[in-house]
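Below is one structure; the comments refer to it alone.
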Amino acid sequence: MTKVAVNYPGKGTFERGIHPPEMKQWAEDKSISVLPTPKELYIPLLQHVGAPAKLLVAPKEQVVYGQVIAEAGGFISAPIHSPVAGVVGRGANITLANGRHVPMVPVVTASDSVGAADGIYEDMLGGEWPLSLLDDFSPEEIVDKIKQAGIVGQGGAAFPTFVKVLKNKDKPVDALVINGCECEPYLTADHRVMLEAPQAVIAGTLLAAKASGAKAIYIAVESNKMDAVEALRPYAQGTAVTLAVVETRYPMGGEKQTVRAVTGRTIPTGGLPLDVGVVVMNVSTTWAVARAVLRGKPLTHRVITVTGRGIAEPKNVLAPVGVPLQELIDFCGGLKADTARIIAGGPMMGFTVGNLKTPVTKGTSGITVMTLDDVHEEETTHCVRCGRCVDVCPLNLIPTKMALAAKNKDWELAKKYHIGACMECGCCAYSCPANIPLVQLIRMGKVQMLKK
Ligand code: SF4
Ligand code: SF4
């Protein structure tokens, strides 16, 4: 393999964290395949951080592929477009994988829908993404196209992307870090996007840099994906993009960790990358940005990894937003007999799902199917005060104290220990010899505090 020159101010790593088994072998070599036309989609009106989108269509109304079916419901919000041509059904509430109950509109797909399956790979990921066209767009036009396309972060947090790249007079940005780390075990969707659409990734990166005003531009990739670095390199050459190869360590993909590893800057507790002059964006989001600006297409589909020992044929699947998880599982040969747990996302930060009607959203990066062998549950015992959870916390928090405060509903104490800053990465629970469900307790505590 060709050695890649790297040149960036961080040291390519961060303090603490863990090295869980990567488990990428199930899907990393599987080229992106296209999901056949789903019969019906359940499209949630809240797929992002912020206000729900406001529905613009009525039951029985016909919609076309790419049509806006819901408009942004506030400044921090994103419009939603129909991924298929079809007929709108009656709205209802639906529970997302993260447990939130949100309004949803069903769309029954027309048999000849353009946005269904045929040719969609070429339209979405294929073809040329000429970098020469980037000069045609002003920063304001790029921001507007990102906004109109309903793009939100595809790494899981689903923050509206136009807000991220909008120039902020009070907090100027000088660096853009594109997160291609995909540190979560099992997941390989971002990896495949870098391999299969590297020119789109570079184009989207340069467009986001132009919009935000960032002059230093990095794409961070973990050292276990050198083939992705090689794929990106020819398109990055001659541009301002630096490919930053970082250590394979969990949670390298957390924005605080990526920024630290690449720029050497430390985001303060409770702060944002913007506080240190950085915008961070997931690598699959850059593809969506390139598509919105260069091809005028909204975010209607995404790449999802369906993987794990419990699925018959692990795959990376290009699928429309709103498709029920069951259809993705069927497309991948179904569940094996010893399936024990289905997780939306990866095992460290994902959510266990019990209902396979749960739809894919713009932030769904994968489905991990685990078997009885994978999840063998061990008994929880008392804290032995070993301090391992503290030693591994990448945010330098005290997980055991936060979890105890949450368990005892002592919200003042929980706040004192910065429970709100916890990124729920799961390093603490993973390392705890007493099997204390530290993240679950912290997560529950955070939800209960919000309700107060
Ligand atoms: S306390 Fe939060 S941030 Fe720290 S290791 Fe646990 S889950 Fe991760
Ligand atoms: S790792 Fe577990 S047993 Fe050790 S101090 Fe933390 S909570 Fe206690």
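The values are calculated or read from the model by the stated rules, or taken from the named source; none is laboratory data. Note that the coordinates shown come from a computational prediction; the quantities given were computed from them, not determined experimentally. Note that we place each Cβ from the backbone using ideal geometry, even for glycine, and neighbour counts take in every protein chain shown. Keep in mind that these areas ignore ligands, DNA and RNA; they rest on the heavy atoms of the full protein, side chains included. Shrake-Rupley method; radii C 1.70, N 1.55, O 1.52, S 1.80 Å.
To make sure I understand the rule: partners must be lysines, Cα under 30 Å from the Cα of LYS225, and not fewer than 8 residues away in the same chain. Which ones qualify?
Within the straight-line limit of under 30 Å, LYS225 reaches these lysines: LYS3, LYS11, LYS24, LYS30, LYS164, LYS210, LYS215, LYS256, LYS297, LYS315, LYS336, LYS362.
Against the empirical 2.2 N^0.38 Å scaling, what ratio does the C-alpha Rg of region 114-163 come to?
1.40
Could you work out the local net charge near PRO130, counting Lys and Arg as +1, Asp and Glu as -1, over the other residues with Cβ closer than 13 Å to its Cβ?
Surrounding charge for PRO130 is -2.
Given all pairs of different Cα atoms, what value in angstroms does the Kirkwood hydrodynamic radius of the chain take?
Taking the inverse mean of 1/r over all distinct Cα pairs, the chain comes out at 22.3 Å.
Please report how far the C-alpha centroid of region 115-159 lies from that of region 180-195, rounded to the nearest whole angstrom.
Centre-to-centre (Cα) distance: 19 Å.
Percent of Cα-Cα pairs more than 13 Å apart in region 410-449, please.
Looking at region 410-449, the distances longer than 13 Å represent 51 percent of pairs.
If you count, for each residue, the other Cβ atoms within 10 Å and average over each peptide, how do 418-430, 235-247 line up from highest to lowest?
Most protected by this proxy first, the peptides run 418-430, 235-247.
Please tell me the relative contact order of the chain in percent, rounded to the nearest whole number, where contacts are Cα pairs under 8 Å and at least six residues apart.
Rounded, it is 19 percent for the chain.
What does the charge count around VAL143 come to, taking other residues whose C-beta lies under 13 Å from its C-beta (Lys +1, Arg +1, Asp -1, Glu -1)?
Numbers: positive: LYS145, LYS147, LYS164, LYS167, LYS210; negative: GLU140, GLU141, ASP144.
That sum, taken over residues with Cβ under 13 Å, equals +2.
Taking the alpha-carbon centroid of each part, what is the distance from region 247-302 to region 80-104 in angstrom?
27 Å
With a 1.4 Å probe and all protein chains left in place, how much accessible area per residue does region 267-398 have, in Å²?
Accessible surface, normalised per residue, equals 38 Å².
Cα centroids of region 407-446 and region 326-363: how far apart, whole angstrom?
One Cα centre to the other: 25 Å.
Suppose R0 equals 51 Å. What FRET efficiency, 1/(1 + (r/R0)^6) with r the Cβ-Cβ distance, do VAL390 and ALA92 give to the nearest 0.05?
E(calc), rounded to 0.05, equals 0.70.
Remind me, relative contact order of region 122-168 in percent, using alpha carbon pairs under 8 angstrom and six or more residues apart? Write out the running numbers ahead of the final one.
Values: 21 pairs, mean separation 12.2, N = 47.
About 26 percent, as a whole number.
To the nearest 20 Debye, how big is the dipole of region 280-374 about its Cα centre, given +1 on the beta carbon of each Lys and Arg and -1 on that of each Asp and Glu? Don't jump to the answer; show the numbers that get you there.
Numbers: 10 positive and 6 negative charges, 101 e Å.
That gives region 280-374 a dipole magnitude of about 480 debye.
Normalising by the residue count of region 60-165, find the relative contact order in percent from Cα pairs under 8 Å and 6+ residues apart.
23 percent
Could you report region 52-172's accessible area per residue, 1.4 Å probe, as an integer in Å²?
The answer is 50 Å² per residue.
For region 367-452, divide the Cα radius of gyration by the Kirkwood radius and give the resulting Rg/Rh value with two decimals. Present the calculation step by step, with values, prior to reporting the outcome.
Values: Rg = 13.3 Å, Rh = 13.4 Å.
That ratio equals 0.99.
Take the solvent-accessible surface of the protein heavy atoms, probe 1.4 Å, and return the percent of it on region 10-109 that carbon and sulfur atoms account for. Kindly include the intermediate steps, with their values, before the conclusion.
Values: 2640 of 4710 Å².
Summing carbon and sulfur atoms, their accessible area is 56 percent of the total for region 10-109.
From the Cα gyration tensor of region 267-425, with a ≥ b ≥ c the square roots of its eigenvalues, which class applies: rounded if a/c is under 1.5, or else prolate if a/b is larger than b/c, or else oblate?
Oblate is the answer for region 267-425, as a/c is 1.5 or above yet b/c matches or exceeds a/b.
Just the Cα atoms of region 72-223: what Rg and Dmax do they give in Å?
Cα only, region 72-223: 17.6, 51 Å (Rg, Dmax).
Treating the Cα atoms of region 74-140 as identical point scatterers in vacuum, please give the log10 of the normalised Debye intensity I(q)/I(0) at q = 0.15 Å⁻¹, two decimals.
The calculated log intensity ratios at q = 0.15 Å⁻¹ are -0.84.
How many Å³ per residue does the convex hull of the Cα positions in region 169-267 occupy?
Expressed per residue, the convex hull around the Cα atoms of region 169-267 is 92 Å³.
Roughly how many percent of the accessible protein surface of region 261-380 is carbon and sulfur, given a 1.4 Å probe and a whole-percent answer?
Result for region 261-380: 49 percent of the exposed heavy-atom area is carbon or sulfur.
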